[in-house]
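J.: Mind looking over this structure? Questions follow.
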Amino acid sequence: MNMKLAFFCLFVCLFNLQAQQILTGNIVDENEMELPYSNVQILSLDSIPLQGSTTDSLGCFTIRDVKAGEYLLSVSYIGYITQVIPFEMPTTDYQFPPIILKTDKVVLNEVKVTGNSFIQKKDHLLIIPDKQQIKHAFGGYDLLYNLMIPGLTIDRKNKTVTSLAGKVTLYINGVEADMREIQALQPKDIERVEYYVMPKTGQFTGDAASVNYITKIYKTGGYITLDGDQTIGYTKGIYNIASKILHNNTSYIFFGGAKMAKYNGTEIGKSEDLFFPDHTIHRTTMNNNAHYKSNQQYAQFKVSNNTKKCDLSASASFVRDDTPNDEQNRVLNYNRQEHDSIHSFERRDNKSQKGAINLTGAFRVDDRQFIKVRLNGAYTKNKYNRLYTENEQRSLSNVDEDLYSFDAFLGYNYKPNEKNSLYTKITHFHNITSTNYGGDYFSLQHLWEGETLLATEYTHTFNKKVMAIFAPGVSWINYKLRGQDLQEIWNLRLNTGVRCSLDSKQWLFLIFALGNNQPDISYLNTANQTIDFYQIKRGNPYLDNTQIYTIFGMYEGSFHPLFNVQGKLYYEYNKNNVYNHYSVEGNKLISSYASNNSFSTTNVEIAISSRFSENFRTNVNLKYNYMNVPEVSGLHENNFFASLDVNYFIKAFAINAYAKTTERKLDQSTLIYTKTPAIYGLSVRYSGKNWMAEVGAENPFTKHQHYREYANYGVYRYNQVQTSRIYQQTAYVKLAYTFDFGKKTSRENNDVDRSINSAILKAR
């Protein structure tokens, strides 16, 4: 550095100390591919850390309030050689020339994590997958399962993820992803995983919990992937194909698949009591010849464009769902002498077709401002037919429904500095349904409903250990059934809490929340449906809105490099809880819905994950749950639950064993007591370069598992035991293969929403 420049820098330091500028830059690899979530630090000349940041999904970083002077810039990324670059910050904003990180050929794709792979950050847990976890995974769910994050439950069969805080929302590089997107991720492309519990800042705000997969980003290439999962013991299979072509910033993705299930022989034993003013009917039901068959097909085409300033995507999808065979043959016995044994038959057919369009956009206005928009629309055609007989008596129901739905979202995030953040969002959901009922009862039900949510969230970081959140909001619910009065409900919302780091390995989170939940659209009608010749199903368009009060505390810590612990204490009170309600009308029992009671849940849970060696990993979960309806004496349930997952890796093979104890619940909406049987299983997987094969068995030594239900509604009570092929000895085979072409591209799949919504009132 020449003498004049040195004197100039000295002058700036002495006489312009208040001048603070913005430093920006971009991190790429040797192939000029962006390196998202790289670590960037400003060091003093004697290597003392001063400020830091991470790059975004496009490899860009911004560090604010940098004083003029001489510094060192340290840039690091897993699998690449760390660079330390001397630089001089001028008195104006400065954009650093592109920084190129070179591959560390010694550690690339062979990252060996010693000690603890769980890194506690200010507001989340960072997990770095090790070699074994990556090698023995095929898809994002497998890898997440192998990580054995305490408090996370991954159902690889059904592709669901839950946490101690509730349902987990999944992301890829900060963009919300669907089940199929996660399944199609290639583990070797996943650099790290971020786990947020009840996040209160940024794009994950509002989630009960969030998992963000951070992957390598490629510029061109493509792939075709095939996967299949076939159950043995009863017929059930899922088969998918996906293809992606990427060119520069634009990707074209196609996804399609099919799902089918078929099984017979479900046995149901049921005892019922129907209490009328002048008499009581007791009956028993035996069902030993049930048949079930369903199939589903789905497809989606998606186009995405990602630049430094914005991420845009558009998709069109189609889902067909058909249950052509759902039959039960029963024998009924009544306590009244005039009745002999009665043969009963029930058949239900469901057909649905849904087309949907999804548009999303994320815009980075500058380093302080972020805007996200979403617009989704769908049309669903539903058909429902039911035939019920008792000897010569017949009941018939035919229902056709047209359902139009859309939702819109606008979110704005402003972060003036590192200590403060303001997030505002407005969301609107809307459904319009026209349902034509025929058969025993004729009616036309036309319903429109909407909910608008407005919320603002302010987050303040006091220091490195304490962060507080205050998030007020309001909800406006309105719905109208043709021929009925307009229903409008306003609700206040609140989400406030504090996050505290006890030390570098422990943190504590406390929160209070006030929310609401509107009734299911299938409840909001005046339709009647025959259950049997003593019972009628009826909707209720005048249900109250449920108000939800939550107190939540969570602890997370690492007591040892090989052990990680997560604990939860949770209480939720639901005022005006919507639940099943029975009443008597003449010689009929009316099964409807009410909202004049409450429901509370108290939950204590602890989860421990362990890595005893590079090849041996475990995850243990212990839970106590107390469910209660305060207004009804004796209507409560206690449940103790435990689960264990074990992974053992041997070269190219992975052995997994799991077990779950019996679980008892009092269902919040139906008020039915349920007891699900214990489950255990074993699987062996072989992983090759681009393909995977797995065989497994569930309950291999169990022949008579039972599913139990019990309910008491005052005028009606029942006790039921069900034995089904799906609860007994089963096995499965999985095969998957991926073919790459051109240059490498990151794994991505389509966000096909395969769920089918409906406002049809169904007799169950």
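Rule-based calculations on the coordinates, nothing more; no lab input. Just so it is clear, the structure is predicted and the values come from calculations on it, not from any experiment. Ideal geometry is used to build each Cβ from the backbone, glycine not excepted, and the neighbour counts take in all protein chains shown.
J.: Once Lys and Arg get +1 and Asp and Glu get -1 on their Cβ, which of Thr380, Leu562, Ala652 lies farthest toward the positive end of the dipole of the chain?
T.: Ala652
J.: Within the set of other residues whose C-beta is less than 11 Å from the C-beta of Tyr582, count the net charge using Lys and Arg as +1 and Asp and Glu as -1.
T.: It works out to a net charge of +3.
J.: Okay, moving on. Summing Lys, Arg as +1 and Asp, Glu as -1, what charge do residues with Cβ under 10 Å from the Cβ of Glu709 carry, Glu709 excluded?
T.: +2
J.: Compute the relative contact order of the chain as a whole-number percentage, counting only Cα pairs closer than 8 Å that sit 6 or more residues apart in sequence.
T.: 11 percent.
J.: Still on this structure, I have one more. As a test of the formula, what do you get for the chain when each DSSP H run with n ≥ 4 contributes -39,500 (n - 2.57) and the sum is divided by the residue count, at 222 nm and rounded to the nearest 500 deg cm²/dmol?
T.: -1000 deg cm²/dmol
J.: Below 12 angstrom from the Cβ of Asn564, what's the summed charge of the other residues (Lys, Arg +1; Asp, Glu -1)?
T.: Overall, the nearby charge balance is +2.
J.: Let me ask another. Rounded to the nearest 20 Debye, what is the dipole magnitude of the stretch 131-197 about its Cα centre when Lys and Arg each give +1 and Asp and Glu each give -1 at the C-beta?
T.: Charge dipole, the stretch 131-197, about its Cα centre: 280 debye, nearest 20.
J.: Tell me the label-point distance for the pair Arg347, Gln297, using the 7 Å Cα-to-Cβ offset, in nm and rounded to one decimal.
T.: Each label point lies 7 Å from its Cα, and together they span 2.3 nm.
J.: Can you give me the three principal axis dimensions of the stretch 118-217 from its C-alpha atoms, in Å, biggest first?
T.: Taking the Cα atoms of the stretch 118-217, the three principal extents are 33, 27, 26 Å.
J.: Still on this model: What does the extension gain come out to for Phe276 and Asn329, with contour length at 0.36 nm per residue minus their alpha carbon separation?
T.: 16.4 nm
J.: Right, next: What residue among Val721, Val584, Pro187 has its Cα farthest toward the positive end of the dipole of the chain, where the charges are +1 on Lys, Arg and -1 on Asp, Glu, each on the Cβ?
T.: Of the options given, the answer is Pro187.
J.: Can you work out the FRET efficiency for the pair His428 and Tyr542, with r the C-beta to C-beta distance and R0 = 25 Å, to the nearest 0.05?
T.: 0.60
J.: Can you give me the relative contact order of the stretch 345-501 as a percent, contacts being Cα pairs under 8 Å and 6 or more apart?
T.: Computed over the stretch 345-501, the figure is 16 percent.
J.: So what does log10 I(q)/I(0) come out to for the chain at q = 0.10 Å⁻¹, using the Debye formula with one equal point on every Cα and no solvent?
T.: Calculated log10 I(q)/I(0) at the listed q: -1.18.
J.: Another question about this same structure. Filter the cross-link list Lys381/Lys575; Lys425/Lys665; Lys262/Lys651; Lys159/Lys216; Lys157/Lys703; Lys131/Lys167 down to pairs whose alpha-carbon distance in this structure exceeds 30 Å.
T.: Lys381/Lys575; Lys425/Lys665; Lys262/Lys651
J.: Given Cβ point charges of +1 (Lys, Arg) and -1 (Asp, Glu) and nothing else, what value in debye, to the nearest 20, does the dipole of the stretch 515-634 about its Cα centre take?
T.: My answer is approximately 140 debye.
J.: Asn398 to Leu644: extension gain in nm, 0.36 nm per residue of separation minus the Cα-Cα distance?
T.: 83.9 nm
J.: Obtain the nm distance between the two label points defined at Met260 and Thr602 by a simple spin-label model: each point lies 7 Å from its Cα along the Cα-to-C-beta direction.
T.: Label-label distance for Met260 and Thr602, simple model: 5.1 nm.
J.: Relative contact order (percent) for the stretch 118-217, with alpha-carbon contacts under 8 angstrom and 6 or more residues of separation?
T.: 30 percent
J.: Moving to a separate point now. If you average the alpha carbon positions of the stretch 428-473 and of the stretch 244-297, how far apart do those two centres end up, in angstrom?
T.: The stretch 428-473 and the stretch 244-297 have Cα centres spaced 27 Å from each other.
J.: Per 0.36 nm of contour for each residue apart, how much would the distance between Ile100 and Trp476 grow if the chain were fully extended, relative to their Cα-Cα spacing?
T.: Between Ile100 and Trp476, full extension yields an extra 130.3 nm.
J.: Using only Cα atoms, figure out Rg for the stretch 421-522 and give it as a multiple of 2.2 N^0.38 Å.
T.: 1.63
J.: If R0 is 30 Å, what FRET efficiency do you get for Lys675 and Asp340 from their C-beta distance, rounded to 0.05?
T.: Efficiency computed from Cβ-Cβ geometry: 0.35.
J.: Please report, in debye to the nearest 20, how large the charge dipole of the chain is about its Cα centre when each Lys and Arg carries +1 at its beta carbon and each Asp and Glu carries -1 there.
T.: 1140 debye
J.: Using alpha carbons only, how many angstrom separate the centre of the stretch 476-521 from the centre of the stretch 620-689?
T.: 27 Å
J.: Which one, Ile371, Val399, Thr360, is farthest towards the positive end of the dipole of the stretch 330-441 when Lys and Arg carry +1 and Asp and Glu -1 on their Cβ?
T.: The residue sitting most towards the positive pole is Ile371.
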